[in-house]
Amino acid sequence: MIEPLLSDETFLADLESVPRSSDRMDIWWLGQSGFLIQHGTRICVDPYLSDSLTKKYANSDKPHVRISRRVIDPARLDHVTIVVSTHGHTDHLDAETLNAIHSQYWNRWMMVIYPAAIENLVRERFTKQLPFTHPLDSGESTRIAGVEFVAIPARHDAPETDAQGRCRCLGYIIRGEFTVYHSGDGVMYSGLADRLRPFEVDVALLPINGKLQNMNGLEAARLAKEIGAKLVVPCHYDMFEFNTADPYAQFVPECERIGQHYRVLKLGERLTLPETSAS
């Protein structure tokens, strides 16, 4: 079982130790594609902090055996202003995690961003009414608490669009003083780098598992280089036994070969921008 670098009390202590300031950005890896981003405000992207999939598939032919311990009980994450989901798969839109976060007093008014095409699914997953929602489609954007979110189409799950032609899977540019690209799940496609390059991405958060319509480590490194990302962080591995990857097998060697700056985070570990700040 993989142990997080920081978890429970040590994770919360680190979270509370850094100032909430718009002139810095702190990013913690929560596991799988989940990240907690603090950039003046507190943002959760694709948090999966339960064992819902392990329980769901326990007696099936596709068991989801967890190989890492949970970083934090989602009910202990407070002052979350924004929750972002890239698509409707449970490890990116987990009812147990989201409702636990939403149940906390300071999170009752949190705003939820998601692909407009999965509106009904989002409403089903949340047990309480959502007073503030921001459904987006490709190219659309919204600004909340000084942070802009821009929807970037992702190619991951067929069919790619709903009956109205709206994207069912998205990545997001998250932009304040610094700019993050969270790709969600998906593969590289023609024109993706061209879409992303004008945003001058500081950090790209990209999957490397190479399975189930996701890019592998080589592709993640090359996409980061193509878009001019100052830093790339791998994700979507070390959660389930059947669907993981070693970042040092393909991703790290390729980054070093092509001169792409990277950072491999441990579970619960923090990345701080600018990188010269104490972290």
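Values as computed for the structure displayed
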| quantity | calculated |
| --- | --- |
| Residue within region 174-184 that is over 30 Å from Glu275 (Cβ atoms), under 16 Å from the mean Cα position of the chain (by Cα), assigned to a strand (DSSP E or B) and not charged (D, E, K, R) present | no |
| Selection within region 230-249 - within 12 Å of Gln260 (Cβ to Cβ) and either among the β-branched types (Val, Ile, Thr) or not in a loop (DSSP other than H, G, I, E, B) (or both) | Leu231, Val232, Val233, Pro234 |
| Long-range neighbours under 6 Å by Cβ, at least six apart or interchain, first residue free of Cβ contacts under 8 Å to residues at least 60 places away in the same chain and under 15 Å from Ala116 (Cα atoms) within region 155-166, second among the acidic types (Asp, Glu) and in a strand (DSSP E or B) | none |
| Hey, Ala245 under 24 Å from Leu5 (Cα atoms) and at pLDDT 95 or above or not | yes |
| Residues of region 31-69 satisfying the condition of being closer than 15 Å to Leu6 by Cα and either out of contact with any helix residue (DSSP H, G or I) (no Cβ under 9 Å at 6 or more places or on another chain) or assigned to a helix (DSSP H, G or I) (or both) | Gly31, Phe35, Ser68, Arg69 |
| Residue count for region 97-140, restricted to those that are outside any helix (DSSP H, G or I) and not acidic (Asp, Glu) | 23 |
| Odd one out for Ser60 among (1) more than 16 Å from the chain's Cα centre (by Cα); (2) surrounded by 13 or more Cβ atoms within 10 Å (Cβ to Cβ); (3) not acidic (Asp, Glu) | (2) |
| Residue selected from region 219-263 under the condition in contact with a helix residue (DSSP H, G or I) (Cβ under 8 Å, 6 or more places away or on another chain) and among the polar types (S, T, N, Q), by the criterion surrounded by the fewest Cβ atoms within 10 Å (Cβ to Cβ) | Gln250 |
| Filtered residues of region 242-270 (kept if at positive phi and either in contact with a Leu (Cβ under 9 Å, 6 or more places away or on another chain) or hydrophobic (A, V, I, L, M, F, W, C) (or both)) | Gly268 |
| Single residue of Ile27, Ile72 found to be in a strand (DSSP E or B), β-branched (Val, Ile, Thr) and farther than 19 Å from Ala245 by Cβ | Ile27 |
| Residue pairs meeting the criteria (Cβ under 6 Å; at least 6 apart or on separate chains; first farther than 13 Å from Arg257 by Cβ, in region 218-229; second surrounded by fewer than 19 Cβ atoms within 10 Å (Cβ to Cβ)) | Glu219/Met188; Leu223/Met188; Glu226/Ala193; Ile227/Ala193; Ile227/Arg197; Gly228/Arg197 |
| Hits in region 250-271 (condition: within 14 Å of Met215 (Cβ to Cβ) and either of a type in the set (A, V, I, L, M) or in contact (Cβ under 8 Å) with a residue 40 or more places away in the chain (or both)) | Gln250, Phe251 |
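The values are calculated or read from the model by the stated rules, or taken from the named source; none is laboratory data. The structure displayed is predicted, hence computed values, not measured ones. Reconstructed Cβ throughout: ideal geometry from the backbone, glycine too, with neighbour counts over all protein chains shown.
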